[in-house]
Amino acid sequence: MAASFHLFFIIFLSGFAAFPIFSFVYANANTTQHSWTPINHHLYHSGEGLIEKIKSLVHRHPDKLTVETIQAGTKDYKADITVVTYCQNWEQSGDKSKLRILLSFGQHARELISSELALQILSALGEEQFPPEMDPASLHDTLENVVIKIVPVENLNGRKIVDAGELCERRNGRGVDLNRNWAVDWGKKEKDYDPAEEYPGTAPFSEPETQIMRELAVSFNPHIWVNVHSGTDGLFMPYDHKKGTPDGLPSQRMRELLDELNVLYCSKRCLVGSGGTAVGYLAHGTATDYMYEVVRVPMAFTFEIYGDDKASGADCFKMFNPIDQTTFKRVMDQWCASFFTLFKLGPVCLM
C-alpha cells in the first residue's frame, strides 16, 4: 500500500501577533506520533504543580511574599488567577512613593517557559536562588523601594488543556485568545486572521481571566507592566494594533530601556520597538496596548523570551519552549537577570 501523506499549512502566532513563518509539514500517517516533541517533565512543571510550588515558596517567606487567588466567571465558565505580591516591608506596601510593577506570565497556554521564568524570579525575590553574578546585597538595595505583583499562570484553564496533551493550544478554556480580548481596537481582524488561534471573544472582557487582570491593574495602578510570552526573542513597547510608537519623552525612555536590555541580555539579537512595527504584523485587543492607553501605565512592555524558528510548525512545544537543560538554564538565567535590571533601571527612566 502506498504511504499516505497529509499536508499542513501553519501560520506561526507568538505572544501578540501573527508572525510570517510558514511551514509545510509532510507527515507519514504511520509516523505522525513522532513528528512533535512532548513536554520535558524533568524541566517543566504542570500548571497546577507550578502554582503549588510557588505557594510553598511564598509560605517560606511571609516577611517578603504574600499570595492570593482571585476568582471570576459564571456557572458555565470560571477562572482562578494566583497573584503573588513582593514587598520588603509590608507596613510600607501602600506607600505611593514606591515603584509598582505588575508582571504577567502564561497568558498563552502553550508557552510554558514563561511561567517557569515567573517561578525563577520569585525564587530570587525569596532569596533562595539567584542568577549567576547577581549580588544579593545589591539586589536588596534595588528592591527596597518597589512593590511587585506577579501573575505566574494567567491562563490556567488553557494550560490544563496543554498539560493534557494539546500542545498547540494557546487560548483559554473556552477557545478565546486572552491577548485579543482587551478593549483597545478589539475585534479588528487582519487578512491572516485564524479563529483557531486569535478568536477575540464575543466582546471586550468577555473572559473572566481578562476581567480579573483589568481589575488588578486598575486597583494596583502600576508604573511598569510586562506581559511575558515566548515565540521569538523580542522587547516590545506600544503599539501592537498600529505601526509606530507613542510620541514624547516617556516613549523615548521606554525605547532606551529596551535598547539597554537588548545589549545586556540579548546580545543585540532581540527585536526591539513597537510590536506592530518590529514584527510587521498588527495585533488588536492586546493587554499591553490597554495598559498603556487606558490604565495609563507609564511603561508598558511585552517581552518574548524564547523561540525556535527552526522547529516544525506542527511541533509547538519545541517552537515555544527550550527542550534541553542547557538552553532552559540559559533562558532562565538571562531573562531573570534582565528583570532585575528592569527593577533597577525603571525608577531612573520614570524620573
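Residues of region 58-86 being under 12 Å from LEU122 (Cα atoms) and in contact with a strand residue (DSSP E or B) (Cβ under 7 Å, 6 or more places away or on another chain), which ones? VAL58, LYS64, LEU65, THR66, VAL67, VAL83, VAL84, THR85, TYR86, listed by residue number. On the stretch given as region 302-351, residues that are among the aromatic types (Phe, Trp, Tyr) and within 23 Å of MET254 (Cα to Cα) total 6. For VAL226, are the conditions met, namely being open to solvent by 40 Å² or more (accessible area, probe 1.4 Å) and out of contact with any helix residue (DSSP H, G or I) (no Cβ under 7 Å at 6 or more places or on another chain)? Judged against the criteria, VAL226 is not a match. Consider PRO200 carefully, then state whether it is open to solvent by 20 Å² or more (accessible area, probe 1.4 Å), closer than 19 Å to GLU293 by Cα and assigned to a loop (DSSP other than H, G, I, E, B). Criteria not met by PRO200.
Go through the residues of region 66-83 one by one and say whether even a single one is over 17 Å from VAL228 (Cα atoms), hydroxyl-bearing (Ser, Thr, Tyr) and open to solvent by less than 30 Å² (accessible area, probe 1.4 Å). Checked against the condition, which is being over 17 Å from VAL228 (Cα atoms), hydroxyl-bearing (Ser, Thr, Tyr) and open to solvent by less than 30 Å² (accessible area, probe 1.4 Å), region 66-83 yields at least one hit. Checking each residue in region 229-243 for being closer than 24 Å to VAL348 by Cα and either open to solvent by 10 Å² or more (accessible area, probe 1.4 Å) or without any contact (Cβ under 8 Å) to a residue 40 or more places away in the chain (or both) picks out only TYR239.
Total residues in region 149-171 satisfying the condition of being of a type in the set (Gly, Ala, Ser) and open to solvent by 50 Å² or more (accessible area, probe 1.4 Å): the figure is 1. Entry remark, region 303-312: residues being buried (at least 19 other Cβ atoms within 10 Å of the Cβ), over 12 Å from MET237 (Cα atoms) and not hydrophobic (A, V, I, L, M, F, W, C) number 3 in total. Scanning region 281-302 for residues that are farther than 18 Å from GLU197 by Cα and open to solvent by 10 Å² or more (accessible area, probe 1.4 Å) yields TYR290, TYR292, GLU293, VAL294, VAL295, ARG296, PRO298. Of the residues making up region 114-131, not a single one is modelled with pLDDT of 95 or more, in contact with a Gly (Cβ under 6 Å, 6 or more places away or on another chain) and open to solvent by 20 Å² or more (accessible area, probe 1.4 Å).
Residue-level check: of (1) farther than 22 Å from TYR199 by Cβ; (2) free of Cβ contacts under 8 Å to residues at least 60 places away in the same chain, ALA164 misses just (1). Taken together, the residues in region 313-324 that are open to solvent by 30 Å² or more (accessible area, probe 1.4 Å), assigned to a helix (DSSP H, G or I) and touching a helix residue (DSSP H, G or I) at 6+ places or on another chain (Cβ under 9 Å) amount to 0. The single residue among LEU264, LEU342, LEU258 that is outside any loop (DSSP other than H, G, I, E, B) and without any contact (Cβ under 8 Å) to a residue 60 or more places away in the chain turns out to be LEU258. Would region 191-207 turn up any residue that is modelled with pLDDT under 95, over 22 Å from SER114 (Cβ atoms) and among the acidic types (Asp, Glu)? Yes: one or more hits.
The values are calculated or read from the model by the stated rules, or taken from the named source; none is laboratory data. All figures in this text were calculated on a predicted structure; none of them were measured in a lab. A quick note on method: Cβ atoms are made from the backbone with ideal geometry, for glycine too, and the neighbour counts reach across all protein chains shown. The protein model used for the area step is the full one, side chains on, heavy atoms only, and it has no ligands, DNA or RNA in it. Shrake-Rupley method; radii C 1.70, N 1.55, O 1.52, S 1.80 Å.
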